[in-house]
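The values are calculated or read from the model by the stated rules, or taken from the named source; none is laboratory data. Values in this document were obtained by computation on a predicted structure and should not be read as measured data. So basically every Cβ, Gly included, is an ideal-geometry build from the backbone, and we count neighbours across all protein chains shown. Accessible surface is based on the protein model in full, side chains and every heavy atom, while ligands, DNA and RNA are left aside. Shrake-Rupley method; radii C 1.70, N 1.55, O 1.52, S 1.80 Å.
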Amino acid sequence: MIAAFSFANAPAASAEGELSPVMVVLDSSGSMTARDAGGSGTRMDAAKRAVNSMVDGLPDQAQVGLAIYGAGTGSSGSEKAAGCKDVRVVQPVGAVDKPALKRAVTATKASGYTPIGQALRTAAAQLPKEGQRSIVLVSDGEDTCAPPQPCEVAKELSKQGVDLHVHAIGFRVDAKARAQLACIAQNTGGTYHDAADADSLLGVLGRVTERALRHYEPTGKPITGTADPFTAPTMTPGQYLDTLSPVEERFYAADLQAGDTAYFAATAVFPRGNPRRIEVVDIKITGPNGADCYHRERELHTRAKDDGGALTAVLSWNGTAAGSSKPKGCSVPGKYVFRITRDAKDGIDRVPVELQLRIEPPVTGSMGEPAQTSVVEFAQPPAGAVRAVRGGGSFNEATTLPGSGRYGETIYYGEELFYRVKLDWGQGLAYRITFGGRPDGKTTNIRTGLFSPVRSEMRFDTTAYTGVTKILPTDGKPIATPRVVYLNRNANNAQLRKAGVDGWYYLVAKLGAPSGNDAPGGVPVTIDVAVAGDKVAGPEYGASTGETPASPTPSAGPSEPTPSSTGTQGTGGVEPGGDAKPVAAESSSSLPWIIGGSVLVLALAIVVAALILRRRKPPAPPMYPNGPAQGWSNRP
């Protein structure tokens with residue numbers, strides 16, 4: 001049986017929602033009746049305008065709740081006992097009901113005490129018990145009801161997991177209240193912001209809530225790796241979710257048939273304020289009966305403490321292909337085991353880890369067009385109006401860019417935004433991203449990266465941002481792919497090799513968190529994208545045994561146990577309608593995706609082996625039409 005195989009129509013990874021749930025907590029204590037400096041009306045009037053504006057800007061799919069404290073009693077001494085319990089949930093976390101939220105806020109009257117600690121407990125109880133979730137707290141003063149002390153409550157909340165954050169906004173607060181609110185944020189990995197008047201509160205509340213909604217939300221079928229490779233759970237192709245501490249090994253197994261190529265990816269998701277600055281994700285593979293395959297992949301994140309974010313390591317393997325030069329114990333069908341570690345010994349905190357397994361059957365017919373020798377570039381930058389988009393918070397939620405054009409939005413400090421572009425066989429893309437200037441911009445790092453459908457980072461670029469307009473890449477040339485063809489995986493350059501599968505390619509933009517918590521508003525970003533080439537016929541895949549549909553993946557990884565290198569900075573390319581600029585070839589000793597022997601011999605061997613074995617399996621639908629998640633690697 002001959003099958004045409006594509007990533008483009010694959011079933012999606014399970015995800016509960018595109019946005020993280022957020023609980024907003026609003027101060028309605030008696031002090032909010034004070035006049036707002038420089039504005040008309042009271043602080044409560046300013047807060048109502050800010051909340052209503054924030055509600056208007058919420059995406060329809062947002063999961064947002066609201067709690068109000070201090071509105072149910074007065075502030076006399078006789079009312080303190082009741083006032084310190086006065087926390088009311090106006091709307092539970094769920095699909096946002098904008099009219100109901102605005103009516104509740106408009107009807108609120110400031111009058112009572114300030115039970116911040118109790119309000120945090122109430123808000124946390126409204127949120128899910130796991131996954132990325134946030135509380136946005138607005139207060140004009142310190143807690144007047146302790147115990148419980150707000151900082152102690154924040155420490156309690158931090159024990160519920162690194163993915164629960166409290167973002168605090170101090171509205172015209174003094175030094176003592178500011179210290180208390182900052183303590184809450186710092187103990188939960190959140191942020192603190194000052195708002196000096198109604199206008200600044202209006203801007204701060206909107207951007208803080210927006211940022212809280214766009215966390216990386218790990219998804220996948222629950223799985224628990226074992227500490228013993230011989231009892232590892234057997235995975236079938238799909239996306240899974242586990243957790244991993246920095247002091248343990250986790251093992252997972254996969255059954256590989258003759259000629260299969262397996263692709264295993266592990267994405268660790270770190271919170272801002274991660275205990276370690278440097279994080280490493282390491283994958284190693286062993287063959288049947290524990291045979292050492294002498295192959296591992298390691299990825300490094302050097303800003304894990306400041307920026308959090310996600311880090312992915314990926315490992316490909318096709319030692320079972322005919323003519324493989326892999327070690328003898330790793331060139332036969334059987335159960336293969338993947339070991340993952342974080343490779344750090346200075347903490348015991350656990351983080352979510354997304355796992356993906358893809359299995360590709362051998363090609364038994366045409367392999368399509370020859371391998372490419374160049375990448376595409378802009379013949380000229382895309383022209384026309386900038387189309388507004390809203391980036392997703394993870395690769396699971398990446399926003400689709402429908403093709404060539406200019407796209408723009410606002411990115412906030414500490415965010416990384418995810419977009420995807422569909423490439424069929426024969427198509428390639430080139431893009432660049434502009435971070436706009438702003439006079440009060442903070443000094444931080446900016447970054448962009450391009451990822452293949454199988455989570456391999458093809459190229460990245462990064463530089464410092466100080467509020468001055470910056471374009472990435474900084475060398476003036478776009479980040480680009482070659483035209484996507486199957487035989488690219490046998491090219492002499494890593495950037496070209498990673499464009500050996502069709503499907504969703506991912507563009508990621510990052511604006512780092514500056515030193516200090518009080519960052520200004522968002523930075524405008526513009527993404528210029530060009531898609532070149534016409535769709536052509538792809539490879540003809542054979543059938544495979546086994547019960548689970550296979551998924552295509554790139555070819556084998558390196559045969560030596562050395563760390564991988566990422567962030568390939570290839571600078572050549574071919575402009576659509578322009579001159580060809582070949583990408584420089586690498587030496588044969590550094591070709592991690594070539595199995596061994598000549599490409600022609602390998603291709604013929606795969607075909608012959610498939611015909612002899614006569615393996616029959618229905619053509620498998622590729623996985624993830626909405627695209628898999630993806631993280632950064634080798635962060636500067």
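Classify segment 54-133 from the C-alpha gyration tensor, please: rounded if a/c falls under 1.5, else prolate or oblate depending on whether a/b exceeds b/c.
oblate
Going by amide H atoms built from the backbone, whose H comes under 5 Å of the H on THR261, apart from near neighbours?
Residues meeting the amide H criterion: GLU360.
Given a cut-off of 31 Å, name the pairs among LYS477/LYS498; LYS422/LYS442; LYS284/LYS510; LYS80/LYS155; LYS284/LYS305; LYS48/LYS176 whose C-alpha atoms lie farther apart than that in the structure shown.
Values: LYS477/LYS498 19 Å; LYS422/LYS442 34 Å; LYS284/LYS510 29 Å; LYS80/LYS155 25 Å; LYS284/LYS305 25 Å; LYS48/LYS176 25 Å.
With Cα atoms farther than 31 Å apart: LYS422/LYS442.
When the dipole is taken about the Cα centre of segment 121-209, and only Lys, Arg (+1) and Asp, Glu (-1) are charged at their Cβ, what size is it in debye, to the nearest 20?
Dipole magnitude for segment 121-209 comes out near 260 debye.
Viscosity 1.306 mPa s, temperature 10 °C: what is the translational diffusion coefficient of segment 99-215 from Stokes-Einstein with a Kirkwood Rh over Cα pairs, rounded to a whole number of µm²/s?
Values: Rh = 14.6 Å.
Rounded to a whole number, D works out at 109 µm²/s.
Taking 0.36 nm per residue of sequence separation and subtracting the Cα-Cα distance, how much length would be gained by fully extending the chain between LYS221 and THR463, in nm to one decimal?
Result for the pair: 83.5 nm of gain on full extension.
Counting alpha carbon pairs within less than 8 Å and at least 6 residues apart, what relative contact order, in whole percent, applies to segment 230-300?
Numbers: 49 pairs, mean separation 16.1, N = 71.
Taking the mean separation of contacting Cα pairs over the length of segment 230-300, I get 23 percent.
Going by Cα centres, segment 382-422 and segment 140-181 are how many Å apart?
Cα centroid of segment 382-422 versus Cα centroid of segment 140-181: 34 Å apart.
Could you please report the charge total around TRP425, scoring K, R as +1 and D, E as -1 over all other residues with beta-carbon less than 9 angstrom from its beta-carbon?
Working: positive: ARG483, LYS535; negative: GLU369, ASP424, ASP502.
Result for the neighbourhood of TRP425: -1.
Would you please calculate the Kirkwood hydrodynamic radius of segment 13-148 over all C-alpha pairs and express it in Å, rounded to one decimal?
The answer is 15.4 Å.
Given the C-alpha centroids of segment 219-256 and segment 496-515, what is the distance between them in whole angstrom?
Segment 219-256 and segment 496-515 have Cα centres spaced 25 Å from each other.
ASP197 to SER325: FRET efficiency via 1/(1 + (r/R0)^6), r the Cβ-Cβ distance, R0 51 Å, to the nearest 0.05?
Taking R0 as 51 Å, the efficiency between ASP197 and SER325 is 0.15.
Which value does Rg/Rh take for segment 370-412 over its C-alpha atoms, Rh per Kirkwood?
Result: Rg/Rh = 1.08.
Summing Lys, Arg as +1 and Asp, Glu as -1, what charge do residues with Cβ under 14 Å from the Cβ of ARG35 carry, ARG35 excluded? Before the final figure, lay out the partial values.
Details: positive: ARG43, ARG172; negative: ASP36, ASP45, ASP140, ASP197.
With Lys, Arg at +1 and Asp, Glu at -1, the net is -2.
Determine the sum of side-chain charges near VAL281: Lys and Arg each +1, Asp and Glu each -1, restricted to other residues whose C-beta is under 10 angstrom from that of VAL281.
-3
Applying the Karplus parametrisation 6.51 cos²θ - 1.76 cosθ + 1.60 with θ = phi - 60° to the phi angles of segment 180-197, what ³J(HN,Hα) value in whole Hz is obtained for each residue in order, glycine and proline being reported as x?
The phi angles translate into 5, 5, 5, 4, 4, 5, 5, 6, 10, x, x, 10, 10, 9, 8, 10, 7, 7 Hz.
Can you pull the accessible area of GLU248 for me, 1.4 Å probe, Å² to the nearest 10?
50
Given contacts defined as C-alpha pairs under 8 Å and at least six residues apart, what's the relative contact order of segment 352-429, whole-number percent?
Value for segment 352-429: 27 percent.
Taking just the C-alpha trace of segment 149-211, give me its Rg and Dmax in Å.
Rg, Dmax (Cα atoms, Å): 12.0, 35.
Over segment 416-494, what lengths in whole Å, largest first, do the semi-axes of the equivalent ellipsoid take, defined as the square roots of 5 times the eigenvalues of the alpha-carbon gyration tensor?
29, 12, 11
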